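Working notes, beginning with the structure itself.
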Amino acid sequence: MNGLMLDRVTKDILRVVEPLQDDWTARFQVINELRNIVQSIESLRGATIEPFGSFVSNLFSRWGDLDLSVQLHNGSYISTAGKKRKQTLLRDIQKASRKKGGWCKLQLIPHARVPILKIEHIQHNISCDISIDNLVGQIKSKILLWLNEIDGRFHDMVLLVKEWAKAHDINNSKQGTFNSYSLSLLVIFHFQTCSPAIFPPLRDIYPGNVVDNLKAGVRAEVENEIAVTCATNIARFKSRTANRSSLSELFVSFLAKFSDISSKASELGICPFTGQWLEIECNMRWLPKTYAIFVEDPFEQPENTARAINARQLTRISEAFRMTHLRLTSVYQNQSSILNDLARPQILQLIMNSSGSASAPAFNVGNYPPIRPQVHQARVMQPRPWIQHQFQNDIPRFNMGNFPPINSQAPHAGTLQSQPPVQHKMPKTKHIVSSPNVLNVGEPSNPSKIYSGQGQQKWRPRSQRQVL
């Protein structure tokens, strides 16, 4: 395998799929327009609209969908609407959106586990999935965002894996393959089980089952408790890890790990909470076995995030892993073959157009806008414009119900790392959100953090830790 060639190709792909400033701006405009629609509906008086998913986790590509939750007004307490009411409210949003105009492809999916309204913004070609009271989804997204504080390679790896999966048509739950969330969990699991490990088991970040703590209570207090627990525990794992693998090396080992997933999945389940393969027959919460593959949601146990995958598609998925690994490790590879294996044709064309050739033809396919080469001078880890944060005694203060980045101060080796994880007890702090349901969405500010993909945060497994 030509490692340098693969490194160049992965960087080219990331350079093209990484969101531009305009992509952030467009999404904030879409959120504002939907917020205006929600505010115009009598049955949604007092409700707010809040983003979650890959947009909040900063794991979305330039053409990624937008997940939005309409949070119903319930004073300071967590709102828990029933399924029938959610269906009714989504129909109200559907009618109001049609009346307002500017939207297309409105599709209500009322009988899904989480009822959603699919809608697409005509001007920006951004697809939105709207749900009601999806606080669980919001918290999951924020925890995935915080994991970048342990190691920045996670962000790049997720974007690369999702593009590869799209190129092989295995990133579509409607067609019986992986959804993007389950792909992100596979990356987390790979980071937990590679050698040396990069991520700890997620139970060492948050020891409880997040969904159980979001069923009732004062929303600000519950969010604050989760944030403080995660912040404290993540700080323990921010010292340098022994794993120095490049992104391309991690990607190749990722492919190798899951190349026989179709045979493994019959007996073993993937558990990011414990960071281990677990025997299905010995895990009572996963029985009876009714799924082709089990990728447990670490924040909503024992839900299976890969429940849409069937046996026939699992075979095809396993073959995609195996054949890509085989080709990438072949001595006969070249840059063109690697690109064809890792990215879709439209992405390849965008890479060609951004190569600097003045004679490169203009290109636009589907909803993919023409590339502007001069914009890609540096990739950025876009800050959340609606997040404002302060730190006092290492306890984060929150504004408008959104959690800040984890404190960047890493502990000294051999200090906090050797201590057990902080349990999720309610901290005694008065720094609590005064109005957690308000989201003021504005224009994104200029990027304040340049992301170079280097200087990764590292985690040393317990067996390898020592006082320095």
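The values are calculated or read from the model by the stated rules, or taken from the named source; none is laboratory data. Predicted model only: the values in this text are computed from it and were never measured. Cβ atoms come from the backbone with ideal geometry, glycine included; neighbour counts cover every protein chain shown. Calculation scope for accessible area: heavy atoms of the full protein, side chains included, ligands and nucleic acids excluded. Shrake-Rupley method; radii C 1.70, N 1.55, O 1.52, S 1.80 Å.
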| task | Mind listing just one residue for me: the one in segment 233-254 that is among the polar types (S, T, N, Q) and crowded, with 20+ Cβ neighbours inside 10 Å and, of those, farthest from ASP341 (Cα to Cα)? | result | ASN233
| field | Failed criterion for SER184 (all others in (1) crowded, with 23+ Cβ neighbours inside 10 Å; (2) at pLDDT below 95 hold) | value | (2)
| From the options LYS257, LYS174, residue that is open to solvent by 50 Å² or more (accessible area, probe 1.4 Å) and touching a residue at least 60 places away in the same chain (Cβ under 8 Å) | LYS174
| query | Among the residues of segment 262-284, is there at least one that is aliphatic (A, V, I, L, M), modelled with pLDDT of 95 or more and farther than 28 Å from GLY208 by Cβ? | reply | no
| remark: SER337 vs (1) of a type outside the set (Lys, Arg); (2) modelled with pLDDT under 90; (3) farther than 23 Å from THR193 by Cα: all pass except (2)
| remark: In segment 229-287, residues that are aliphatic (A, V, I, L, M), within 30 Å of ILE139 (Cβ to Cβ), part of a helix (DSSP H, G or I) and within 21 Å of the chain's Cα centre (by Cα) total 5
